[in-house]
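Reading through the structure tokens given below for one structure.
The values are calculated or read from the model by the stated rules, or taken from the named source; none is laboratory data. If you're wondering where the values come from, they're calculated on a predicted model, not measured in any experiment. Please note: Cβ atoms are built from the backbone with ideal geometry, for glycine as well, and neighbour counts cover all protein chains shown.
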Amino acid sequence: MPQTNGNAPGRCAPIPKTIPPMKDLTTENITENVIALNNLCSDPRTRYLFERLVHHLHDFARETQLTSEEWMSGINFLTAVGQISDDLRAEMILLSDTMGLSLLMDAIAHPRVPKATEGTVLGPFHTHDAPVTDNGYVLHDDPGAEQLFVLCNIKDTEEQPLENVQCDVWEGDSHGFYDVQKGADRQGPDGRAVLRSNSEGVFYFTAVVPVPYPIPDDGPVGGMLKLLNRHPNRPGHIHFMLETPGYDKLVTALYPRGDPYETSDPVFGVKESLIVDLSLVDEAVADKYGVKVGMKLLTYDFVLASDEQAAELRKDRRKEAAAKLDVDISTLHLD
């Protein structure tokens, strides 16, 4: 015979003895009761995250006097975002981006150490199947595109070159389409590569001159932007993800100056320090790197913060945030 718990069916879990009675809850006391129930969790950090989440969700509902119809619209919207997402379409990331949460999260996780390069959003188009190749790689098979030679170096905050940094780079084609937007017609990775910086901290490749493009707006996030009278157009850019042991991971992008959408990016990714002026390849650069004189040239000096520098700054920021809520940071398991 199955075990029972009082009058409960045998498949029911036992009732904890440390919770208050969950009866006759109102708009005034529901929040504290939900938190009391969640506080049965044994992990301090998880308890804290759910405590703050419940507070903010409940306060949002109370402050706006949210209607049942509005809340159901929200549930249906989030359901649609999940349903349209797959391995090549990251609609949930797109939602996070367009709500400004992705940029906020990057700034929290990777605070800018003085002298270090600023980060920005990862975006929904990164993949893990980019070819691991050598410097000088040509990202695109796009013969009609205007080519761009990208020549960068990587240093630490003491201006010492960093060798063997993994440089993951990706961008759209000359029409603003990423390879993953081809769906079933995608034959493999295009417009992306994984390179390594050389002994001088230099890495280089040939891309196409970035062009502005609309983020995917045929799904629920696009519908949200239309509802809010927001445009979907991102300024042209190239993505970079730089990683090496001992240094804080940098996810960023570079934006050629003068793009018409430079000041109204729907995912809030543009920062002044990441806007670049394009020039032209001269004979010296052409001879050294085997590219054509006169093609467009992008140069940039990336600076990586050490893990220790970033960790210290994160710790300071966490102390400040905890102090505002009168919370003991030692209980949050953040270090």
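Whenever a residue of the range 199-216 is in a loop (DSSP other than H, G, I, E, B), its partners that are among the hydroxyl-bearing types (S, T, Y), lying with C-beta atoms within less than 9 angstrom and at least six residues away or across chains, give the pairs V209/S174; P210/Y255; V211/S174; P212/Y261; I215/T98.
For the range 164-184, the candidate set comprises residues that are among the hydrophobic types (A, V, I, L, M, F, W, C) and outside any loop (DSSP other than H, G, I, E, B); within that set, the residue that is surrounded by the fewest Cβ atoms within 10 Å (Cβ to Cβ) is A184.
Taking the criterion of being under 20 Å from E243 (Cβ atoms) and of a type in the set (D, E), the residues of the range 86-121 that qualify are D106, E118. The residues of the range 260-297 that are in contact with an Asp or Glu (Cβ under 9 Å, 6 or more places away or on another chain), under 16 Å from T120 (Cβ atoms) and touching a residue at least 40 places away in the same chain (Cβ under 8 Å), listed by number, are P266, V267, F268, G269, V270, K271, S273, L274. In the range 54-81, the residues that are assigned by TED's automatic domain parsing to the domain that holds T31 reach residues that are exposed (fewer than 12 other Cβ atoms within 10 Å of the Cβ) and at pLDDT below 95 with C-beta atoms within less than 8 angstrom, at least six apart or across chains, in these pairs: R62/T27.
Looking only at the range 219-255, residues that are surrounded by fewer than 20 Cβ atoms within 10 Å (Cβ to Cβ) and assigned to a loop (DSSP other than H, G, I, E, B) come to 10 in all.
A Cβ distance below 6 Å, combined with a sequence gap of six or more or placement on separate chains, defines the contacts here; from the range 132-152, residues that are over 23 Å from D301 (Cβ atoms) and modelled with pLDDT of 95 or more reach no residue that is of a type in the set (G, A, S) and in a loop (DSSP other than H, G, I, E, B). Being among the hydrophobic types (A, V, I, L, M, F, W, C) and buried (at least 21 other Cβ atoms within 10 Å of the Cβ) is the filter here, so list the residues in the range 194-203 that pass it. Listed by number, the residues that qualify are L195, F203.
Residue-by-condition table, conditions (1) in contact with a Pro (Cβ under 8 Å, 6 or more places away or on another chain); (2) hydrophobic (A, V, I, L, M, F, W, C):
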{"site": "G82", "(1), (2)": "no, no"}
{"site": "R89", "(1), (2)": "yes, no"}
{"site": "L101", "(1), (2)": "no, yes"}
{"site": "A107", "(1), (2)": "no, yes"}
{"site": "H110", "(1), (2)": "no, no"}
{"site": "A130", "(1), (2)": "yes, yes"}
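Checked against the criteria, E28 counts as modelled with pLDDT under 95, surrounded by fewer than 10 Cβ atoms within 10 Å (Cβ to Cβ) and under 24 Å from V327 (Cα atoms).
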